[in-house]
Each structure stands twice: as structure tokens, then as C-alpha cells.
Amino acid sequence: MEDDVRLIPLSALQHMLFCPRQCALIHLEQVWAENRYTAEGRILHERADHIGHERRRGIHTAMALPLASEELGLTGVADVVEFDESQQPTVVRPIEYKRGRPKAHRADEVQLCAQALCLEEMLDVSIEQGALFYGKTRRRKIVVFDDELRALTRRVIADTRTLFDNNRTPPAVYEAKRCNHCSLIDACQPQVMGKKRCLSRLLEPGIRRLLIADRVEPAGLPGPGSARPSGAVSSSEWNRSTDRDVAVSPRHRWRLAWPALRHPGQHAAHP
Ligand code: SF4
């Protein structure tokens, strides 16, 4: 792997399989919002994220173990890795905590398999299976790392690598079943951004030309280091946009500015 290749967080694979746009919003544009599902997951992981280890009945358990793969360009943390020293050779098993119950899609399994690929490279071992522990069922679901799951995982890693290299957020595609469970639905606005992409493409250059001609900065349109109009967006979201101006796409800046542009009377203008 080249020195300047951007590492892919293991969590990005799950986001990628759920929705490539969600993956790009979180990992390229650093947009984050919490809903009930992410809050439950975060609380579950806070309990599991304490680095440590213990040994019971011949099984050595490591908690919050840092992982990396140079070959695949991955980095992350495993909730738990078990080393069963009662067997020869020692059997290694990654265990991942998840909220809810087993899901119809394979995102959780792909993330776990990616952890196994990291461990295989780090420890020079072969790992046959791991487990997902679901908060709702309070049970382990054994996951076998067969050829099919390994191939799917490598495909998702390759797709995520392409997304990171292109550094472009894909357009929104509204799917009620998926989007209504997505914590980023307000930032993404899939029903508006999906259907009205053509309209916004036509409008945005025209509005910009008018603003440049009049040398007017619209209330709520963030420039680097600009002040936040009251009520336009949250201060953290504003700071993210203005501090890392280069990293935030023009479309996202317009989305941040949208409330102030729609209701100019309710938001203070820039000094
Ligand atoms: S709202 Fe839908 S399209 Fe937008 S990021 Fe979430 S899942 Fe993807």
C-alpha cells in the first residue's frame, strides 16, 4: 500500500452496504446526526469500548483491540477478540456487539469479516468464524467466514476505496424502507435532492452569478470563517462547514444555507 493512501475505517463498510451516499456523507463530508438507532448502538459500544483483557477457562479475551490491514488499507477497532488457548493451534474469534436483532442484509457480517481479514494479516493465522452479539436477543449469532462472505467483503472494500478515491458524494435515491431508518435523512433530504437535482443544478449557478454581480453574501451561505446567522444551522454543523471549507462540497454548503435562503427574514444577515 502506498504511504498516502487514505485508510478506510471498518465502520465505513457497513455504511457503504447500507447506502453509498450515507457512507460519503459520513466519511467524506463528516456529516453526522443521531437517531434512536445510532444512539442505542453508541451506548452499547461505550460499554464495550474499554481496552482490557481477561482470561477465563483457557480463553483469553481482548477488549477494544485496534486492528489494521496494510494490504486492504483498513483500520478500526474490534469490540472483542477471543483467543481460545485450549485448542491447538489457538483459535481466534472476533466478536462484535450490535444493537437490535439479526438483520436481513449482510452489513454486520461484512464488518465482522473485515475484522477477521485484519486479524489474519496481523497475526498470520486463519480465522474460520466469529460472532455477532445482538442487544435485543442477547445471543451470539455465529458467522462463518466462507468464500462467499469473504468475496462480498472484498467487493465492498473495493467499492468503498473507489468512493474515497473519487471523493464525490453520490446523488440521493429515496427508498422509504431504507431512508426512513437513516439518521441522515434531514441532512440528505432524499425526496428533495433526488427529485429536484435537475432543478437545483439549473438554479445554483444562476443564483451564484447574481450574488457575485451584486457582491452580496446570502444570509446562511457559509464562507471560510464566516459568522453563523442565528438559527440557520447548529453551531457544530456551521463550524464543520466553515473550518474545513475545502472538504465540504458546494452542494452540502447550499444545504446548510437552505433554511436561511428560504426564510431570509428570520435569519440575521452577515455583518
Ligand atoms: S436518507 Fe436515504 S439516500 Fe440519504 S443517506 Fe440516508 S439512506 Fe442514503
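The values are calculated or read from the model by the stated rules, or taken from the named source; none is laboratory data. As the structure is a computational prediction, the values presented were derived from the model and not from experiment. Because the Cβ atoms are built from the backbone with ideal geometry, glycine has one as well, and the counts that use them run over all protein chains shown. Heads up: the accessible areas ignore ligands, DNA and RNA and are worked out on the full protein's heavy atoms, side chains in. Shrake-Rupley method; radii C 1.70, N 1.55, O 1.52, S 1.80 Å.
For all pairs of alpha-carbon atoms in segment 137-194, what percent lies in each bin of width 10 Å, listed from the first bin to the last filled one?
18, 25, 37, 19, 0
What size of dipole, in debye to the nearest 20, comes out for segment 139-178 about its Cα centre when the only charges are +1 on Lys and Arg C-beta atoms and -1 on Asp and Glu C-beta atoms?
About 280 debye.
May I ask for the Rg/Rh ratio of segment 73-155, computed from Cα atoms with Rh as the Kirkwood radius, given to two decimals?
Checking Rg against Rh, the ratio lands at 0.95.
What does the charge add up to near residue 95, with Lys and Arg as +1, Asp and Glu as -1, over the other residues with Cβ less than 9 Å from its Cβ?
-1
Let me know the charge dipole size of segment 8-166 about its Cα centre in debye, to the nearest 20, where only the beta-carbon of Lys, Arg (+1) and Asp, Glu (-1) is charged.
The calculated dipole for segment 8-166 is roughly 940 debye.
How long is the gain from residue 105 to residue 121 if the chain were fully straight, where each residue apart is worth 0.36 nm and the alpha carbon distance is subtracted?
Result for the pair: 3.1 nm of gain on full extension.
Using label points projected 7 Å from each Cα along Cα→Cβ, tell me how many nm separate residue 71 and residue 32, to one decimal.
Spacing of the two 7 Å Cα→Cβ label points: 3.1 nm.
Please name whichever of 192, 94, 133 sits farthest to the positive end of the charge dipole of segment 51-207, dipole taken about the Cα centre and charges placed at Cβ: Lys and Arg +1, Asp and Glu -1.
Positive-most Cα among the choices belongs to 192.
If you count, for each residue, the other Cβ atoms within 10 Å and average over each peptide, how do 70-82, 112-124, 94-106, 132-144 line up from highest to lowest?
Packing proxy ranking, top to bottom: 112-124, 70-82, 94-106, 132-144.
Enter the accessible area per residue of segment 8-166 (Å², integer; probe 1.4 Å; all protein chains in place).
Roughly 51 Å² per residue, with all protein chains present.
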